[in-house]
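This is the structure I have questions about; it appears just below.
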Amino acid sequence: MNKKIKCILIDLDGTIINSGPDLIDSLNFVLRNQNIKPVEKRIIGSLVGGGAKAMIMRAYQNLKLKPPLNIDLLIEEFLEFYFENCSNRSFLYPNVFNTLKKLKSKFRIALCTNKKQFITEKILMNFKIEDFFDCVLGSDSKSNLSQIQKCWNIV
């Protein structure tokens, strides 16, 4: 069976960009506003994955604190700060731009990420890589059937 590859699906964090520095800054902003000591940057790997709520809850657990009662407010605060600062210290991994350029010349490229759509789009624009992607699906795209259908048609 000889099938031709037409589309490549790529994740954002840990594949194209290292967003750890901006994520930890956003988390520590939220913690400081709650009069909680910031977490150390070296533990970012144990906190990420699963979105803002999971990250905040893991930080509280790491600091041996009771889960926050106002988690929804903290998530909102985190996302607002992160949106404003999502490209301050994050960076593209080496050779990503040239690799995307080569891939785009031969394939369609779709991006799928656990980040919210509006934050993902801002990051792609800030790094000037948005034009490489035929489709972008953020974590909140799950309820956007037209966006999912667009990606499905591309794939």
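The values are calculated or read from the model by the stated rules, or taken from the named source; none is laboratory data. All of these numbers come straight from a predicted model, not from anything done at the bench. Backbone-built Cβ (ideal geometry, glycine too); neighbour counts: all protein chains shown.
Across the range 94-121, which residue is modelled with the lowest pLDDT among those that are in contact with a helix residue (DSSP H, G or I) (Cβ under 9 Å, 6 or more places away or on another chain) and loosely packed, with under 14 Cβ neighbours inside 10 Å?
The residue in question is Phe118.
Give the residue that is surrounded by the fewest Cβ atoms within 10 Å (Cβ to Cβ), with candidates limited to residues of the range 12-46 that are hydrophobic (A, V, I, L, M, F, W, C) and farther than 30 Å from Asn98 by Cα.
Ile43
Please determine whether any residue of the range 138-149 is touching a Phe, Trp or Tyr at 6+ places or on another chain (Cβ under 8 Å), modelled with pLDDT under 95, assigned to a loop (DSSP other than H, G, I, E, B) and under 15 Å from Asp13 (Cα atoms).
yes
Further, regarding this structure: Show me the helices (runs of 4 or more DSSP H) found entirely inside the range 17-114 where at least 1 residues are over 26 Å from Cys7 (Cβ atoms).
Qualifying helices (runs of 4 or more DSSP H): 20-33, 44-47, 52-62, 71-85.
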